[in-house]
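What follows is a short report on a single structure.
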Amino acid sequence: MSTQDSQIAELTRRLRRLEIIHEIEQLKYRYLRACDAKDVAAFRDCFVREGADLDYGMMGQFSDREPLVQIFDAVARSRAGDGSWLVHDIHHGHHPSVEVIDDHTATARWTLGFVTLHITPGIYTQASMEYEDRYVIEDGRWKIQKSHARPLTSVTVPVPAGVMLGAGPKP
């Protein structure tokens, strides 16, 4: 192989690695947006169909996406009698550190900044977590195969009387 061929092969390998990192970052951002938008179908689509390794602490540990999807649907999409949301969330992923293992496997660590407002019982929580993820290709797309969330910090306070609250995402 000539020097030029070697350089082209190396540039191709490096470009593919950058594309994989970008695709994985976009997957995690889709997951976070699905959480905030209360979009159950988009949330489900972020995970492998079978054989997941999910540890979400107090929410539970799961070996398949469906039990987690059911909890997400029940909690995130719960409503008051007037139809308004009972839970408002903001998920922000920070500091991604993605390691490409090969063209079909990658790992990453993320820091999550998380804010949630629970109308009943009227509490506001600001928290941070560390995600440790593994991603695999399924049907030609990157999916989350493993996600372990470890709590870092958390502050919960009562919601002040008279607080103004927006409607939240459209159902």
* State, in angstrom, two size descriptors of region 1-79 derived from its alpha carbons: Rg to one decimal place and Dmax to the nearest whole number. => 18.6, 65
* Given only helices, namely DSSP H runs of n ≥ 4 each adding -39500 (n - 2.57), what is the per-residue ellipticity at 222 nm of the chain, to the nearest 500 deg cm²/dmol? -> -10500 deg cm²/dmol
* Nearest 10 degrees, 0 to 90: helix 65-76 Cα axis against the chain principal axis -> 40
* For region 16-171, with +1 on Lys and Arg beta carbons and -1 on Asp and Glu, the positive-most of Cys46, Gly93, Val75 along the dipole -> Val75
* To do: Taking P(r) over Cα pairs in 10 Å bins from 0, in percent as the quantity of interest, determine which of [x] 12, 47, 37, 4; [y] 9, 34, 31, 15, 7, 3, 1, 0; [z] 11, 36, 26, 16, 9, 3, 0 was computed from the displayed structure.
  => [y]
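Can you put His94, His148, His88, His104 in order of Cβ neighbours within 10 angstrom, beginning with the fewest?
Lowest count first: His94, His104, His148, His88.
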* Structure fact -> Expected sort for Arg77, Arg141 with the fewest Cβ neighbours (10 Å cutoff) up front is Arg141, Arg77
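Laboratory data are not the source of any read-out in this text; all were calculated from the coordinates shown. Values in this document were obtained by computation on a predicted structure and should not be read as measured data. Glycine gets a Cβ as well: all are built from the backbone with ideal geometry, and neighbour counts include every protein chain shown.
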